[in-house]
Amino acid sequence: DRAALQPGVTDAAGEGARSALAVRDARARPVARAGSFVRPLPRAPLVDARDDAPGALHIGVAIPRGGAVAAEVSLAQSATERGLVAGVLLYTLVASAAALIVLYALLTRYTVRPLGALARAAERVAAGSREARAEPRGAMEVARAAVAFNAMTADLAAREQALRARVA
């Protein structure tokens, strides 16, 4: 019954032009149809078939007593899907930029600034100031270098004082 079949075909095809569904009788005459097909519908003799056309998947299934059901699904991206992909890419870009900014701030705070302070202390010692000290802060390796620098500077000052005492 065509009138009873059409609502089911329409529901199965779904909303929009993303898919299509058709039912044909034994002479390949349309019984019910929903959506729009990219490829032409099958003609008699109706046999099982699958066709991967560019941008669409077309499937035809023969009914044992005659007739066929043909379905087609678009494989192209819809505007909603393109928008979703663009949204995900934008989110990923913003999240990556935020992560890079946080990473830059952490590297600056725990590595670059303490190394700069250590370099300035070394410059003061090179200029003759034996009281210059580096504050042991920042990343563990940088803090260890500052502690070693301070021990070296204290040892250097003690050796200079012992040398002056021997000379005097």
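The values are calculated or read from the model by the stated rules, or taken from the named source; none is laboratory data. Because the structure is predicted, anything quoted here is derived from the model rather than measured. Cβ: placed from backbone, ideal geometry, glycine included. Neighbour counts: every protein chain shown. For accessibility, only protein heavy atoms count, side chains too; no ligands or nucleic acids. Shrake-Rupley method; radii C 1.70, N 1.55, O 1.52, S 1.80 Å.
Odds and ends about this structure:
- Residues that are among the small types (Gly, Ala, Ser) and open to solvent by less than 70 Å² (accessible area, probe 1.4 Å) were ranked within the stretch 154-168; the one that is farthest from ARG109 (Cα to Cα) is ALA162.
- Among the numbered conditions (1) over 30 Å from ALA146 (Cβ atoms); (2) at pLDDT 80 or above; (3) out of contact with any Leu (no Cβ under 9 Å at 6 or more places or on another chain), the only one that ILE63 does not meet is (3).
- Single residue of the stretch 45-55 satisfying the filter (touching a Lys or Arg at 6+ places or on another chain (Cβ under 7 Å) and outside any loop (DSSP other than H, G, I, E, B)) that is nearest to ASP25 (Cα to Cα): ASP51
- Of all residues in the stretch 64-76 being without any contact (Cβ under 8 Å) to a residue 24 or more places away in the chain and surrounded by 11 or more Cβ atoms within 10 Å (Cβ to Cβ), the one that is farthest from ARG27 (Cα to Cα): ALA76
- Among (1) in contact (Cβ under 8 Å) with a residue 12 or more places away in the chain; (2) open to solvent by 40 Å² or more (accessible area, probe 1.4 Å) - the single one ARG120 does not satisfy: (1)
- Evaluation of GLY128 against (1) at positive phi; (2) open to solvent by 50 Å² or more (accessible area, probe 1.4 Å) (one fails), failing number: (2)
- Residue selected from the stretch 5-22 under the condition of a type in the set (Gly, Ala, Ser), at pLDDT below 65 and not in a loop (DSSP other than H, G, I, E, B), by the criterion nearest to GLY55 (Cα to Cα): ALA13
- The set of residues from the stretch 23-37 being crowded, with 16+ Cβ neighbours inside 10 Å and either at pLDDT below 65 or under 18 Å from LEU75 (Cα atoms) (or both) comprises ALA34, GLY35, PHE37.
- Tally of residues being open to solvent by 100 Å² or more (accessible area, probe 1.4 Å) and modelled with pLDDT under 90 across the stretch 78-107: 3
- Scan of the stretch 136-153 for residues that are over 18 Å from LEU106 (Cα atoms) and either among the charged types (D, E, K, R) or surrounded by fewer than 15 Cβ atoms within 10 Å (Cβ to Cβ) (or both), ordered by number: ARG144, VAL147, ALA148, ALA151, MET152
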